[in-house]
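The values are calculated or read from the model by the stated rules, or taken from the named source; none is laboratory data. Here the structure is a predicted model, which is why all the values come from computation and not from measurement. Cβ atoms come from the backbone with ideal geometry, glycine included; neighbour counts cover every protein chain shown. Surface accessibility is based on the protein's heavy atoms, side chains included, excluding ligands, DNA and RNA. Shrake-Rupley method; radii C 1.70, N 1.55, O 1.52, S 1.80 Å.
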Amino acid sequence: MSIEIERLNKKYGNFVAVDNISLALPDGKLTALLGPSGSGKTTLLRMIAGLEQPDSGSVAFNGADTTDVHVSNRGVGFVFQHYALFKHMTVFENVAYGLTVRPRRIRPSKTQIRQKVMQLLELVQLDWTAERFPSQLSGGQRQRIALARALAIEPRVLLLDEPFGALDAQVRAELRSWLRRLHDEIHMTTVFVTHDQEEALEVADQVVVMNQGRVEQVGSPEQVYDHPANPFVYQFLGNVNLFHARVSQGSASIGKLKLAAPEWQQVQDAQALAYVRPHEIEVLASAHSDALPAVLSYMTVVGHRIRLELKTANSTEFIKVELPKEQFRRLGLLQGDRAWLRPLHSKVFLEASTA
Ligand code: ATP
């Protein structure tokens with residue numbers, strides 16, 4: 001089931017929560033709506049679900065407009081951040097719920113319901129919890145049951161709103177790779193709201209980066225991370241260093257260092273900022289004509305990698321560099337030593353477009 005969103009708008013009073021969004025969510029893919037708090041992700045998800053009415057615009061499922069289709073008839077399955085399992089029901093009863101409340105003429109038989117529920121519990125690898133109550137499960141297990149319950153009604157679309165938001169970091173990381181594997185098995189069109197960049201990049205087929213009710217960029221995780229469309233996406237998707245530069249005819253100068261900026265071939269002498277990720281800077285222990293001189297101020301070991309902070313003459317902030325510990329050892333640098341920095345990959349935005 002594909003989802004087509006056309007010029008969708010939603011205001012709360014004078015506040016614009018969703019601002020003229022058009023978007024295509026492909027059939028069978030997992031799309032992440034990623035953005036900072038308040039960027040309109042949940043409002044957009046709720047309009048897809050039919051829980052919220054847009055002021056204007058439309059949501060279509062497989063090309064058919066859903067404007068007049070009630071939430072209960074849209075065929076959507078939900079999982080929210082706070083496990084909404086029924087406390088007084090066992091796991092089995094929770095997963096069976098959506099089937100047992102169906103009108104008699106379309107309700108499956110008891111045997112069919114049992115079969116279906118046990119299949120789903122196996123799918124989320126929790127068949128051994130069938131007779132337990134939610135209070136006897138961990139947070140991660142409860143979210144997997146919530147997912148099984150959402151899938152029981154055989155939805156056409158699965159909507160997940162920060163489903164792992166309330167869990168600790170390790171459980172979160174485990175559940176997101178689990179969700180990815182599960183999705184590869186069931187291939188259901190899924191929309192997943194998160195403000196966690198790593199989660200979106202790891203889990204999704206397609207990432208929609210949102211900001212202030214608008215879409216900043218849509219693309220595969222690689223596209224949005226490696227080729228951010230604008231400074232907002234660059235900064236939102238990971239750590240980045242900013243270098244003041246002047247751009248002329250496809251080249252950006254940072255002091256004596258020159259970086260290629262082929263997209264600005266037509267520009268004559270403009271102020272710009274060069275964006276460089278911490279792992280895309282080479283550190284040299286001796287002077288080099290095409291490298292920026294710096295002083296090594298701080299070092300922090302994080303597992304097998306090392307984070308450096310260096311001061312250069314033309315940056316007011318520390319330049320952050322990340323590299324494998326072994327590589328750093330070979331440089332033989334100590335705190336306070338001089339070092340030279342060479343950006344290996346950068347993206348240059350003119351100052352006017354970074355405001
Ligand atoms: P978060 O990650 O914090 O959940 P979000 O990106 O999902 O944020 P939304 O929940 O869609 O953002 O909210 C977008 C904006 O709309 C927010 O500024 C929020 O305060 C506002 N908003 C959401 N629901 C309502 C409402 N029912 N009444 C008034 N304002 C609302």
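Ranked by the mean number of other Cβ atoms within 10 Å of their residues, highest first, the peptides 322-331, 173-182, 73-82 fall in the order 73-82, 173-182, 322-331.
Helix 169-186 and the longest principal axis of the C-alpha atoms of the chain enclose an angle of approximately 60°.
Against the compact-protein benchmark of 2.2 N^0.38 Å, the Cα-based radius of gyration of the chain scales to 1.22. Within the stretch 1-109, none of the GluC sites (Glu not before Pro) combine a DSSP coil assignment with at most 11 other C-beta atoms in a 10 angstrom radius.
Cross-link reach is defined here as a Cα-Cα straight distance under 14 Å, omitting same-chain residues fewer than 8 places apart; for Lys41 the aspartates and glutamates meeting it are Asp19, Glu52, Asp161, Glu162, Asp196, Glu216.
Ellipsoid semi-axes for the stretch 181-276, based on the Cα gyration tensor and the rule √(5λ), read 34, 12, 12 Å when sorted largest first. Cross-link check: pairs Lys258/Lys320; Lys320/Lys347; Lys256/Lys347; Lys10/Lys347; Lys325/Lys347 evaluated at a Cα-Cα cut-off of 22 Å; pairs beyond the cut-off: Lys10/Lys347; Lys325/Lys347. Surface listing: His304, His70 arranged by accessible area from highest to lowest gives His304, His70, probe 1.4 Å.
With a cut-off of 10 Å between beta carbons, the residues surrounding Thr189 carry a summed charge of +1, where Lys and Arg count +1 and Asp and Glu -1.
The value of relative contact order for the chain, using C-alpha pairs under 8 Å at least six residues apart, is 16 percent. A DSSP coil position with no more than 14 other Cβ atoms inside 10 Å describes the following trypsin sites (Lys or Arg not before Pro) in the stretch 185-259: Lys256.
Which percent, to the nearest 5, of DSSP beta bridges fully inside the chain are antiparallel? Write out the running numbers ahead of the final one.
Numbers: 59 of 77 bridges.
Antiparallel bridges make up about 75 percent of those DSSP assigns within the chain.
Only aspartates and glutamates eight or more places from Lys116 in sequence, or on another chain, were considered; those with a Cα closer than 17 Å are Glu93, Asp127, Glu131, Glu154, Glu185. Does anyone have the angle between helix 139-152 and the longest principal axis of the chain? Alpha-carbon axes, 0 to 90°, nearest 10? Taking the Cα atoms of the chain, the angle to 139-152 is about 60 degrees.
Pick from Gly250, Gly13, Gly40 the residue whose mean-square fluctuation is largest in a GNM of the chain, springs joining Cα atoms under 10 Å. Taking springs between Cα atoms under 10 Å, the residue moving most is Gly13.
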